[in-house]
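Here is the structure we will look at, set down as structure tokens.
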Amino acid sequence: MVPEVPLPDYWRKEHKTGIEQEGRLAYQQCLSLPIEWIHENQALLEKAAEIKALYQLSLADAWIAASAILEDAVLVHKDPEFAALDCRQMLLPYK
């Protein structure tokens, strides 16, 4: 499961570097993955706002964390900023 909110980030990052076509491709590839997209709803909005207010996370990361918490899913990541959250986590190895 993945929240929709971070999707524009794939496109934005490439667009900032002047490689819009790569951003468009990355976005389309994300949409084609066999995963369940989590759509915005009131509970998700409120939980993401709470997390954003309490932790040093980006808005996109707050949505990702809120989605994991509300779906009772494991938050799989390699971002040390998530460590302070009270939810099930699986830390991926750093490069």
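The numbers here are math on the coordinates, done by the rules we state, and not lab data. Nothing here was measured: the structure is a model prediction, and the numbers come from that model. When we count neighbours, we look across all protein chains shown, and the Cβ atoms used for this are built from the backbone with ideal geometry, even at glycine.
Put a dot 7 Å past the Cα of Ala53, heading toward its Cβ, do the same for Glu36, and the two dots end up 2.9 nm apart. Once backbone amide H atoms are built at 1.01 Å from N, Gln89 has Leu75 as its partners under 5 Å, excluding neighbours fewer than 5 places away on the same chain. Ranked by the mean number of other Cβ atoms within 10 Å of their residues, highest first, the peptides 72-83, 51-62 fall in the order 51-62, 72-83.
Extending 7 Å from Cα along the Cβ direction at Asp79 and again at Gln28 yields two label points whose distance is 2.7 nm.
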